[in-house]
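Asker: Following this message is one structure expressed as structure tokens.
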Amino acid sequence: MNRQAQEIEVEVVCQDTVWACPTCHQRAHLHDSERRRWRHLDSCQYKTFVVCDVPRVKCPEHGTVQVRVPWAEKLGRFTRLFERFAIDLMLECSISAACEILRISWDEADGIKQRSVVRGLSRKKDQVYKKLCVDEKSAGRGHNYITLVANIEPGKSATVEYVGEGRTRDSLDAFWKTLTQEQLTEIDAVAMDMHKDYINSTLEHVPGAQEKIVHDPFHLVRDMNDAVNDVRKEEQKALWKENDGSLDGTRYLWLYGRENLPPRWSARFDAVKGMNLKTARAWALKEMFRSFWKCEIREGAEVYFERWYSWAIRSRLEPIKKVARQCKRHLNNILTYFTHRITNGPIEGLNNKIQALVKKAYGYRNIERLKTDILFHLGGLNLYPGQ
């Protein structure tokens, strides 16, 4: 014990006389030994280290190699128990906070994290993906994006299966190429927005993708909300020229769903909604479009959409007509929702968690560290060192 340095050393003595190569497990002659030191879990707030003269053996096939010890990973500087504790800690708090608690350097903590992700990925077995979500996420300032693929299983949390740089066709191609033909065939549905590169990549690699791609409601309803807001802004400018402030302060009222409008705004909204305004017509079409997603079967949804599309095209509201035409072009993969009932909701939830990671880390200058953190926290990997 070193009271001044607040450290404790535990000496381990190897008493075996017969050794084997750690790679091929053939009997080998003892060559020499090397004194090594591993950080272990603290004892009574003292840093604890395991110290041992580790034998090195001479193998005819692999040369002189060091024997593996049971309490640490190969070439590791920490015991397995310490790494498990460090991983649990970094899953709950920032890496800087973990360093302060563990009393290790940032580089040491980052090394534990990176090794755990590599270990987790190496343990992953080929699995059958039934339902996947594809989306992009901003990775920093400017037009820096990453492509995310998440796996959805009933009764389980969604997990990130792939993180690729950019949001191009090549970004998603790289994921499909990691799957076997059998895995690609077993995919039942892939939820995504209308990003052309993602659609083309999926059509090229996933058999029968034309009936498996699902454009989820979230992005489409968001587009309709944006269209309503565009109509409001244009109409508000026209009213201002006539000194009419009817639409002043109503921006967020039009974006609420009918059932979600706060009671305190009901009277105000009913008054402005009753006026002969273009924005009121745009809002009504938006609410009709939201009801479209409540259809129970695909055939009924198709009939409903054609009726709504006819109203939208004859509305003389260009932002609404633009969204309607977009939906018409992609109608087949909108209607697949009523077959597969899959949305991008799970991956949007993962995006929120990723944003929390970015905020906790005060941003990432290195895209590889962002990818590592995403897989560490959201990849569903077995991160712990072996027993």
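Asker: Would you kindly identify the helices (runs of 4 or more DSSP H) lying entirely within region 298-369 that contain at least 3 residues that are touching a His at 6+ places or on another chain (Cβ under 9 Å) and within 30 Å of Asn144 (Cβ to Cβ)?
Answerer: 345-360
Asker: Looking at Asn151, Asn144 in this structure, which one is touching a Phe, Trp or Tyr at 6+ places or on another chain (Cβ under 6 Å) and under 30 Å from Val206 (Cβ atoms)?
Answerer: Asn151
Asker: Of the residues Val54, Val50, Val67, Val18, only one is open to solvent by less than 90 Å² (accessible area, probe 1.4 Å), under 30 Å from Lys113 (Cβ atoms) and over 41 Å from the mean Cα position of the chain (by Cα); which?
Answerer: Result of the check over Val54, Val50, Val67, Val18: Val54.
Asker: Out of the residues in region 127-163 that are charged (D, E, K, R) and farther than 17 Å from Leu375 by Cα, state the one that is surrounded by the most Cβ atoms within 10 Å (Cβ to Cβ).
Answerer: Lys131
Asker: Take the residues in region 91-112 that are of a type in the set (A, V, I, L, M), assigned to a helix (DSSP H, G or I) and buried (at least 16 other Cβ atoms within 10 Å of the Cβ); name whichever of them is farthest from the chain's Cα centre (by Cα).
Answerer: My answer is Leu102.
This table checks each residue for (1) without any contact (Cβ under 8 Å) to a residue 40 or more places away in the chain; (2) within 22 Å of Arg36 (Cα to Cα); (3) out of contact with any strand residue (DSSP E or B) (no Cβ under 6 Å at 6 or more places or on another chain).
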site	(1), (2), (3)
Glu73	no, yes, yes
Arg84	no, yes, yes
Ser94	no, no, yes
Glu108	yes, yes, yes
Asp126	no, no, yes
Lys131	no, no, no
Pro154	yes, no, yes
Ala158	no, no, no
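Asker: Separate question: In a helix (DSSP H, G or I), open to solvent by less than 90 Å² (accessible area, probe 1.4 Å) and farther than 21 Å from Ser315 by Cα: which single residue out of Ala280, Ala271 fits that description?
Answerer: Unique residue meeting the criteria: Ala271.
Asker: Sort out for me the helices (runs of 4 or more DSSP H) sitting completely within region 164-219 that have 3 or more residues that are open to solvent by 10 Å² or more (accessible area, probe 1.4 Å), out of contact with any Ser or Thr (no Cβ under 7 Å at 6 or more places or on another chain) and within 28 Å of Phe292 (Cβ to Cβ).
Answerer: The helices (runs of 4 or more DSSP H) meeting that bar are 196-205.
Asker: Scan region 21-47 for residues that are open to solvent by less than 100 Å² (accessible area, probe 1.4 Å), more than 17 Å from Met1 (Cα to Cα) and assigned to a strand (DSSP E or B) and report the count.
Answerer: 6
The values are calculated or read from the model by the stated rules, or taken from the named source; none is laboratory data. The structure presented is a predicted model; accordingly, all values stated were derived computationally and were not measured. Cβ sites come from the backbone with ideal geometry, for glycine too, and all protein chains shown count toward neighbours. When the accessible area is computed, the model is the full protein with side chains, heavy atoms only, and any ligands, DNA or RNA have been set aside. Shrake-Rupley method; radii C 1.70, N 1.55, O 1.52, S 1.80 Å.
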